[in-house]
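A quick write-up on the structure given underneath.
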Amino acid sequence: MNQKIEIMLLIAWLVIFVVIVGATYKIHHLIKGFKVEGDEEKADSLQTAQNWFYALIIIASVGGVSILYLFLKGTIYESHFFEWLNLVVRLMHITFGIAWIGASFYFVFLENALNRTEGVRDELAGNLWAVHGGGFYYLEKYKLAPKEIPKHLHWFKYEAYFTWLSGFCLLAIVYYFNASSYLIDPEVLDLKPLEAIAISIASLLIGWVIYDQICRRLSKNKVVFTLAITALVFLFAWFYAQVFSGRAAYIHFGAFLGTLMAGNVFFVIIPGQKRMVAAAKKGNPPNPADGKAAFLRSYTNNYFTLPVLFVMISNHFPSTFGNTYQWLVLLGITLGTAGIKHYLNVREKGQLSVWVMPVSIVVLFGMAFITAPKKPKYENCSETVSFAEIQTIISNRCTVCHSSNPTDVIWKVAPNGVKYDTPEQIYNLRDKIFQRVVVSKNMPFNNNQTQMTPEERDMINCWINQGASK
C-alpha cells in the first residue's frame, strides 16, 4: 500500500478514535447526572447508547492495530509485532477467562450450598452465610424476583463476552494469520488457508446451532439431553482431528466449547434475565421459563469449564495433541475433567458419589498411559548412538528456528527462547527434544519443513533410551 495512503488512514483513525472516546465520556457523565436526578428512564436509554459506543471503541482499536500492521508488514518488526500482539491478547483472554470461570464456579457453588429449609421466607429459594477476607456476607436467592428491583443491579455478562472476543482474536492471530504453519497439516487434510479458515468459522456457527436445538428440544429429559450433548462433543472432537493439525484441533475444540458457553450467555441467559427484570419493574410476575432456561445453560457451562481450561494449556503438552489417537485422548481428558467437576458439584450439595471421582481419575491415568512413548524401532539401536550424531541431526533440522540467528521465514527470534547452538543447550533440553521430536513428532515446525526422517527420530529415541550420553 502507498505510504501516503497509510498516513492518511492513520490520521483518519486518530480523529475517529478521539471522537468516539470523547462521546463515550460525555454520555457517561450524562448517565450519572440523570441517576442523581432520579430519572432512571433517561439513564437506561443512554446506557444502551453507551454500550454501542463501547463496542465502537473495540472496533476502532482493532482498526488501529490493523493500520499499524500495514506500517510494519514486510519489515524486520513484523514478527515482533505479532509476538507482542499475541502476548497482549493472550493476557486479556486469560484474565477475562479467569473472571468468567471464577463467576461460574462461585454461582454454581452458591446454588449447591444454599440453605433451603431453616428460616427461609416463602419468596426465597434459599440463603447462605459466608465469611471471606475478614468480612461476613449474607446472600439470598429469590424464587423468581423481589417485589421491588433495586436501582443498582450487577450483571455478570461482560466476562463471558470479552473472553470469547479475545479468544477469537487469539485464534485469528495464531492460527489464521499463520494458517499454513499452525492450522493446516497436509498429512491430515491438504487445505488452502482460506478453506481452512472458512471451515473453522463455519464449525463454530454450526456447532452452536446444533447445541442450541438440543437444549431447546431435549432438555426436559435429563438422560437424553446429557447423551445428546456428549455425542455432540464426541462428534466435534473427532471432526477437528480429521481436518486440522493436532494442535489446531485441540484449540478449535476449546473454541467450540467456548462458543457454546458464550452463546448461552448472549442468546439465552442475559435476554431471559432482562425479560425477568423488565417484568418485575412493571409489577408483573416474571416468566419462570426464563429462569429455568438460564439455569440450564449456566449449569451446562459449568461442566465445560475444566475441559476448556485444559485446552487453554494443551499446546504446552505435545504428547496429547501429537498422539496418533489425539481425538480419543482429548475426549478422555474432557470426560475425566468434567467428571471431576460433577463430583465437586455433588459434594457442594452435601451429597457423596463414591464412583465418579475414582472413575474420572482412572480415565485421566488411562490417557497418560495411552500417550506414553513407544520403544525405539531403529534397527541399529543395539549400537550406541553418539552425541555427535544427535548434534548433527539437531543442527540440520532444528536450528533453522532454534538458534541465536534463525533463518526461518516466520520465526525471527527463537521460539520460547529455545536455542540449540551449543552442545550444552542440546543436552540440557534433551527432554523437550524427546517430547517434540519422538513422542508427538510435531517438530520440526511447519509440517516438518526441514524434512527430518523417521530414522533420525528413531536415533534420537535410541540416544535417550541409552541414557543420553554427552
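Quick one: in segment 238-248, which of the residues that are in a helix (DSSP H, G or I) and buried (at least 22 other Cβ atoms within 10 Å of the Cβ) is farthest from the chain's Cα centre (by Cα)? That would be 241. Residues that are among the polar types (S, T, N, Q) and in a helix (DSSP H, G or I) within segment 270-307 comprise 273, 298, 300, 301, 302, 305, listed in sequence order.
So that you can scan it fast, the table gives a plain yes or no per residue for (1) under 30 Å from residue 406 (Cβ atoms); (2) under 30 Å from the mean Cα position of the chain (by Cα); (3) outside the structural domain of residue 286 (by TED's automatic domain parsing); (4) not in a strand (DSSP E or B):
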position: 94; (1), (2), (3), (4): yes, yes, no, yes
position: 112; (1), (2), (3), (4): no, yes, yes, yes
position: 128; (1), (2), (3), (4): no, no, yes, no
position: 131; (1), (2), (3), (4): no, no, yes, no
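Here residue 315 clears all of (1) crowded, with 21+ Cβ neighbours inside 10 Å; (2) polar (S, T, N, Q); (3) under 27 Å from residue 460 (Cβ atoms) except the condition numbered (1).
Residues of segment 382-419 being surrounded by fewer than 18 Cβ atoms within 10 Å (Cβ to Cβ) and either more than 18 Å from residue 433 (Cα to Cα) or among the acidic types (Asp, Glu) (or both), which ones?
382, 383, 384, 389, 405, 407, 409, 412, 413 - these are the residues of segment 382-419 that are surrounded by fewer than 18 Cβ atoms within 10 Å (Cβ to Cβ) and either more than 18 Å from residue 433 (Cα to Cα) or among the acidic types (Asp, Glu) (or both).
Selection of helices (runs of 4 or more DSSP H) fully inside segment 394-451 by the criterion of at least 1 residues being in contact with a Lys or Arg (Cβ under 6 Å, 6 or more places away or on another chain) and not assigned by TED's automatic domain parsing to the domain that holds residue 248 returns 423-428. Across segment 427-445, not a single residue is classified as surrounded by 19 or more Cβ atoms within 10 Å (Cβ to Cβ), more than 20 Å from residue 320 (Cα to Cα), aromatic (Phe, Trp, Tyr) and under 33 Å from the mean Cα position of the chain (by Cα). When segment 31-41 is filtered for residues that are exposed (fewer than 15 other Cβ atoms within 10 Å of the Cβ) and part of a helix (DSSP H, G or I), the ones remaining, listed by number, are 32, 33, 36, 37, 40, 41. Filtering segment 72-90 for residues that are assigned by TED's automatic domain parsing to the domain that holds residue 177, in contact with a Cys (Cβ under 6 Å, 6 or more places away or on another chain) and part of a helix (DSSP H, G or I) leaves a non-empty set. Scanning segment 387-426 for residues that are over 28 Å from residue 87 (Cα atoms) and out of contact with any Phe, Trp or Tyr (no Cβ under 8 Å at 6 or more places or on another chain) yields a total of 7. Within 23 Å of residue 330 (Cα to Cα) and of a type in the set (A, V, I, L, M): is that true of residue 199 in this structure? For residue 199, the condition - within 23 Å of residue 330 (Cα to Cα) and of a type in the set (A, V, I, L, M) - is met. Take the residues in segment 249-278 that are of a type in the set (Phe, Trp, Tyr) and buried (at least 19 other Cβ atoms within 10 Å of the Cβ); name whichever of them is nearest to residue 147 (Cα to Cα). Filtering segment 249-278 for residues that are of a type in the set (Phe, Trp, Tyr) and buried (at least 19 other Cβ atoms within 10 Å of the Cβ), the one nearest to residue 147 (Cα to Cα) comes out as 256.
Screening the candidates 105, 109, 136 for the property of being exposed (fewer than 12 other Cβ atoms within 10 Å of the Cβ) and among the hydrophobic types (A, V, I, L, M, F, W, C) yields one hit, 136.
Set side by side, the residues 324, 337 differ, and just one is hydroxyl-bearing (Ser, Thr, Tyr), under 24 Å from the mean Cα position of the chain (by Cα) and assigned to a loop (DSSP other than H, G, I, E, B), which is 324.
Pairs are defined by a Cβ separation below 8 Å, a sequence spacing of at least 6 or placement on different chains, a first member in segment 81-98 that is more than 18 Å from residue 311 (Cβ to Cβ), and a second member that is part of a helix (DSSP H, G or I); the pairs so defined are 81/68; 81/69; 81/72; 82/173; 85/65; 85/173. Residues in segment 153-211 that are part of a loop (DSSP other than H, G, I, E, B) and charged (D, E, K, R) were compared, and the one that is nearest to residue 229 (Cα to Cα) is 157.
Condition (residue is among the hydroxyl-bearing types (Ser, Thr, Tyr) and outside the structural domain of residue 275 (by TED's automatic domain parsing)) applied to segment 165-175: is it met by at least one residue? Within segment 165-175, none of the residues are among the hydroxyl-bearing types (Ser, Thr, Tyr) and outside the structural domain of residue 275 (by TED's automatic domain parsing). Among the conditions (1) under 27 Å from residue 211 (Cβ atoms); (2) surrounded by fewer than 19 Cβ atoms within 10 Å (Cβ to Cβ), residue 362 misses just one, which is (1).
The values are calculated or read from the model by the stated rules, or taken from the named source; none is laboratory data. It should be emphasised that the depicted structure is a prediction, and the values quoted were computed from it without experimental measurement. Virtual Cβ from ideal backbone geometry, glycine too; neighbours counted across all protein chains shown.
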